[in-house]
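Please read the structure below before turning to the comments.
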């Protein structure tokens with residue numbers, strides 16, 4: 001039986017100009033041009049993960065996406081985890097390149113939303129609470145990404161996505177995208193049934209050939225089972241205080257034992273313990289779920 005693919009049209013696909021309501025997360029490191037372009041070319045919406053990257057690298061990655069596909073894409077930046085002068089330079093590059101969309105994460109910063117909107121760029125804002133969603137909408141965001149506590153990587157959400165998603169949907173007028181634990185078509189259907197306009201996926205794309213993640217990182221992801229993740233603030237360097245992350249259990253979390261929380265980013269060690277750079281990605285046993 002033929003499937004009518006137009007049934008996947010949602011307010012999100014109409015706004016972003018993509019065929020399917022699936023956004024690939026702008027993961028710092030893995031989400032380079034290869035991954036963002038592949039997702040957009042396949043009909044989803046790819047995001048470049050450019051947090052704390054140099055303007056020169058961002059310019060090259062934007063150009064590389066455009067060389068690989070003519071489909072729309074976006075750039076992910078994190079104001080709360082980026083020096084203000086670097087963030088301004090990152091925004092300058094994105095706006096000069098006229099990227100179709102910018103996705104921001106963590107605390108809502110109205111000034112950066114205003115800069116993007118004044119330049120005619122669509123703004124997506126990933127938040128972890130109803131308060132954050134309302135603040136993003138009030139600041140002028142076009143899309144809210146609701147992140148539940150199930151998400152991998154740095155986690156803003158404190159409640160499960162099945163609770164958070166319908167709460168936000170009831171209170172905002174802009175499209176809401178579900179994030180945290182979504183990796184299948186069934187998950188997409190479930191999110192749509194709860195009022196979402198699409199899903200936002202990170203781990204799903206992390207182990208792909210196009211991902212810039214280290215091969216060992218990919219192997220750990222593929223070998224992982226349900227329940228193998230650890231929720232901790234051990235990896236909060238360069239982030240605001242109380243910035244938990246979901247990772248695969250590893251030597252760092254094992255050494256910490258039961259002391260998984262209470263690690264202020266300014267007091268964490270700046271050595272190979274958690275900050276090794278391998279092929280441009282913070283490996284140091286930091287493995288997303």
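Quick one: would you say residue 80 is part of a helix (DSSP H, G or I) and out of contact with any strand residue (DSSP E or B) (no Cβ under 9 Å at 6 or more places or on another chain)? Before the answer, list the steps.
Details: part of a helix (DSSP H, G or I): yes; out of contact with any strand residue (DSSP E or B) (no Cβ under 9 Å at 6 or more places or on another chain): no.
When the stated conditions are applied, residue 80 does not pass them.
Within segment 210-239, how many residues turn out to be assigned to a loop (DSSP other than H, G, I, E, B) and touching a residue at least 12 places away in the same chain (Cβ under 8 Å)? Even if it seems obvious, please write down each step before you answer.
Taking segment 210-239 as the starting set, the residues that turn out to be assigned to a loop (DSSP other than H, G, I, E, B) are 210-214, 224-228, 233-239.
Now restrict to residues that are touching a residue at least 12 places away in the same chain (Cβ under 8 Å): 210-214, 224, 228, 233-239.
Residues meeting the conditions: 14.
When the residues of segment 184-209 are narrowed to those that are part of a loop (DSSP other than H, G, I, E, B) and over 14 Å from the mean Cα position of the chain (by Cα), which ends up surrounded by the fewest Cβ atoms within 10 Å (Cβ to Cβ)? Show your work before the answer.
Step one: filter segment 184-209 for residues part of a loop (DSSP other than H, G, I, E, B), giving 184, 194-197, 202, 207-209.
Subset that is over 14 Å from the mean Cα position of the chain (by Cα): 184, 194-197, 207-209.
Working: 184: 12, 194: 16, 195: 15, 196: 27, 197: 22, 207: 19, 208: 15, 209: 8.
Across segment 184-209, the extreme among qualifying residues is 209.
So residue 107 fits all but one of (1) touching a residue at least 12 places away in the same chain (Cβ under 8 Å); (2) assigned to a loop (DSSP other than H, G, I, E, B); (3) within 26 Å of residue 209 (Cα to Cα); what number is the exception?
If we test residue 107 against (1) touching a residue at least 12 places away in the same chain (Cβ under 8 Å); (2) assigned to a loop (DSSP other than H, G, I, E, B); (3) within 26 Å of residue 209 (Cα to Cα), just (3) comes out false.
Under the condition of being in a helix (DSSP H, G or I) and in contact with a helix residue (DSSP H, G or I) (Cβ under 8 Å, 6 or more places away or on another chain), which residue from segment 240-289 is modelled with the highest pLDDT?
Here is the first cut: in segment 240-289, the residues in a helix (DSSP H, G or I) are 251-256, 265-267, 272-275.
Of the ones still in play, those that are also in contact with a helix residue (DSSP H, G or I) (Cβ under 8 Å, 6 or more places away or on another chain) are 252, 273-274.
Details: 252: 87, 273: 43, 274: 43.
That would be 252.
Hey, any hits in segment 85-102 for a residue that's without any contact (Cβ under 8 Å) to a residue 24 or more places away in the chain, out of contact with any strand residue (DSSP E or B) (no Cβ under 7 Å at 6 or more places or on another chain) and closer than 19 Å to residue 164 by Cα?
no
For segment 140-164, which residues satisfy the criterion of being buried (at least 24 other Cβ atoms within 10 Å of the Cβ) and assigned to a loop (DSSP other than H, G, I, E, B)?
Across segment 140-164, the qualifying residues are 141, 151, 152.
Can you name the residue in segment 100-139 that is under 16 Å from the mean Cα position of the chain (by Cα) and surrounded by fewer than 19 Cβ atoms within 10 Å (Cβ to Cβ) and is also nearest to residue 226 (Cα to Cα) among such residues?
Only one residue fits best here, namely 129.
Go through (1) touching a residue at least 60 places away in the same chain (Cβ under 8 Å); (2) surrounded by fewer than 24 Cβ atoms within 10 Å (Cβ to Cβ); (3) more than 22 Å from residue 113 (Cβ to Cβ); (4) under 19 Å from the mean Cα position of the chain (by Cα) one by one and return the number of the condition residue 10 breaks.
Exception for residue 10: condition (4).
Tell me the residue from 167, 137 that is part of a helix (DSSP H, G or I), in contact with a strand residue (DSSP E or B) (Cβ under 7 Å, 6 or more places away or on another chain) and over 20 Å from residue 26 (Cβ atoms), please. Full working, then the answer.
Working: 167 fails: in contact with a strand residue (DSSP E or B) (Cβ under 7 Å, 6 or more places away or on another chain).
The unique qualifying residue is 137.
Which of the residues belonging to segment 78-96 are more than 14 Å from the chain's Cα centre (by Cα), within 17 Å of residue 31 (Cβ to Cβ) and surrounded by fewer than 23 Cβ atoms within 10 Å (Cβ to Cβ)?
Once the filter is applied, which keeps residues that are more than 14 Å from the chain's Cα centre (by Cα), within 17 Å of residue 31 (Cβ to Cβ) and surrounded by fewer than 23 Cβ atoms within 10 Å (Cβ to Cβ), segment 78-96 yields 82, 93.
The values are calculated or read from the model by the stated rules, or taken from the named source; none is laboratory data. If you're wondering where the values come from, they're calculated on a predicted model, not measured in any experiment. Every residue, glycine as well, gets a Cβ built from its backbone with ideal geometry; the counts of neighbours run over all protein chains shown.
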